[in-house]
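The values are calculated or read from the model by the stated rules, or taken from the named source; none is laboratory data. This is a predicted model, so every value here is computed, not measured. Because the Cβ atoms are built from the backbone with ideal geometry, glycine has one as well, and the counts that use them run over all protein chains shown. Keep in mind that these areas ignore ligands, DNA and RNA; they rest on the heavy atoms of the full protein, side chains included. Shrake-Rupley method; radii C 1.70, N 1.55, O 1.52, S 1.80 Å.
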Amino acid sequence: MLKLKLARQTISKNLQLYLPFLLANAVLVGINYIFFSMTTNKSLEKQNYGSGLIQLMNIGLVFTLAITFFFMIYINGIVSRRRNHELGLYSILGMTRSDLGKMIFFIDAIMFGASSVLGLVFGATFVKFVGLGLKKLLDMERLNVPMFSSVAAVICIGYFAAVYFILLLGDLWRLRSVNPLDLWKATNKREKEPRGSWIFGIAGVVALCTGYALAVRMKVSMDAVTSFMLAVILVVIGTYLVFIAFSIIFLKMLRKNKNFYYKRNHFISVSGMLYRMKQNGASLASICLLLTTALVAIVTTGTLRLSQEATIKLYNPYDVVMTKKTPISHADKMTIQSRAKDNHVTVGKYVNMTMTEPIYGNFSGSAYSVSKGVDMSTENQLFAVPVADYNRIQKQNVHLAKDEILMYSSKGGYDKNRLTIKGKTYKVRHLDSFDFYFDYQRTIFKPILVFAKDKQVCEQISGKWLYAMGYDVSGKKSDLKKYTAGLENKFMTVVKKKNSQEPYMDSFTDRPSVSEMFNQLFGGLLFIGIFVSIVMLIATVVVMYYKQVSEGYADRDRFKTMQQVGLSREETKSAINSQVLTVFMLPIIGAAVNVGFAIPAIQKMLVFLAMYDKLLLVKFGIVSVAVTFLGYVAVYKLTTNVYENIVNR
């Protein structure tokens, strides 16, 4: 058919326009196929915590599908605008609107078919490697990931068929509402000089500052997620308004600066960008937000994975940790030894500690404000321990007065030298380490341990007692699992408090189970974070590429005219570099600023997963931004070469 032949010719003659879109779509097909393969994998579902991991992957899948949809619509709009030039030529030669519609149908069909085949080949090739990586990452020895899943392929291709159908409807609708003779003119139509609105610019700054303030001042509380989402919405709105409004204002200010503007390179770059800055600003804002999303995803999940061992130690400083409301009896220890013998496990030395029940509250200046009830504002849980227990566990010989306490908490805790608890002020000596520091009942509240002179002083802080014991074990992995499972059934019992109807539960945790849980939780989150970041970065690179392509075609005639009146190739290259550098570095700078303000909020969110090491988060964030910046510069150089080739063609 003639229309099919013309569609193939259109694609082959404009590979610089269609090929990046085709390859990006193929990669997205492959990534989503891998996601679908994992979420429909029966072997993964049967693993311990497998169903929970699949639910996490489904959340990541929904996010990548949404980004894929909006990305394809955005890039297709750029491609269709460039395609209008050739369609206009065909309309002048006699093709009807119906003929043009059929030609668009075949172009979209070819793109869909090629991207689907390439994407499935890519996905089927790498899904096995991803499966092996996930198997290693999550320590799932029995995980089986087939190279090809027909169910995943059908779902994936069905989704992309629906997206391409929506793209086709949009292309046909635009064709119906435009006079075919105007298509030729539309490509070369010059934009009017845009107005820079101070109102929108100031509104953007206010939205950004409010979002940043919410992120920085966010508390570790039950409503932290709501505050974080509100901050994200404000930053997105503010970023678009600032980039669109202030970029125009900024260029107009440069134009008013005669010493800057009336230099050859600056004159060409500023005058050229100003007339396209409304669309350009939106593209720059999109690049900034895509980079921000990729960085936040990888920084959050990567930090969690790096802090995994510290989190496991916080839950289980010893292989087995149990806490009771009554003293741990000789009968309890006999049960421990008996079950160890039955399961061929060797029990190490017992470490005992007596501590008060936690009092929940927050630090306010130099005082610990006790909460009347655990609510959304509560951050900490404070325990009192006799200093004799500290000396025995740490092999120290510390003596305290009644108004003195030792304090230990994880990084970022209380750092003052005096602390008032329930109206009594104590001199504080801070500790660098404590071997039996753990999170009682594994809550979201940060544990604070204070060591007092004796039980009498401890009871002034909280008069109810807990009895903790920890010990290490050795043996085969399978034997350890059987041993700890049997003990958990024995000691995790619900009993009644004396003179009270309120139930309480003895606390029992073992390192093998905790390690497996966090390995699969944090490993799964890292898996999702990596894939989400890849999708974001692919979208970023393609948006950057098409931004340069569209500007190259828009500027080609202007540069040709200037070259005809004496502008050299070297001067053209210098002007191009000046034009690109004027605004092109703004997105990565904006992304770095966004991530910088997001780190305090991320740290508060990670507290819910018992990650308290803010310094680790900051370091990993800096490294991630630095690596992304280097990649951004590399892409900038490649896309600038594409721009130069189009202009000099």
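Odds and ends about this structure:
- Solvent-accessible ranking of Val225, Val299, largest area first, probe 1.4 Å: Val225, Val299
- A Förster radius of 56 Å, combined with the Cβ-Cβ distance separating Ala331 from Leu609, puts the computed FRET efficiency at roughly 0.95.
- Note on the range 11-31 and the range 612-641: Cα centroid distance 26 Å, given to the nearest whole angstrom.
- Members of Lys13/Lys637; Lys46/Lys136; Lys313/Lys477; Lys349/Lys481 lying beyond 22 Å, as alpha-carbon distances in this model show: Lys13/Lys637
- Ordering of 605-615, 423-433 by packing is 605-615, 423-433, highest average first (other Cβ atoms within 10 Å, averaged per residue).
- The range 298-365: C-alpha gyration tensor shape, a/c 1.5 cut-off, then a/b vs b/c: oblate
- Peptides 476-485, 236-245, 591-600 ranked from most to least packed give 236-245, 591-600, 476-485, packing being the mean of other C-beta atoms within 10 angstrom over each peptide's residues.
- Label point distance in nm, Val205-Arg418, each placed 7 Å from Cα along Cα→Cβ: 4.3 nm
- Separation in nanometres of the label points that stand 7 Å from Cα toward Cβ, at Val618 and Lys372: 3.7 nm
- Among Leu169, Leu400, Leu638, the order of accessible area from largest down is Leu638, Leu169, Leu400, computed with a 1.4 Å probe on protein heavy atoms.
- For the range 1-97, a Kirkwood hydrodynamic radius built from all Cα pairs, placed in the Stokes-Einstein relation at 25 °C and 0.890 mPa s, yields a translational diffusion coefficient of 149 µm²/s.
- Highest average packing first - 54-62, 354-362, Cβ atoms within 10 Å: 354-362, 54-62
- Accessible area in square angstrom per residue, the range 311-453, 1.4 angstrom probe: 47 Å²
- Distance between the modelled labels on Lys482 and Lys46, one decimal in nanometres: 2.1 nm (7 Å Cα→Cβ projection).
- Members of Lys135/Lys619; Lys446/Lys604; Lys416/Lys464; Lys333/Lys395; Lys402/Lys422; Lys372/Lys402 lying beyond 20 Å, as alpha-carbon distances in this model show: Lys135/Lys619; Lys416/Lys464; Lys333/Lys395; Lys372/Lys402
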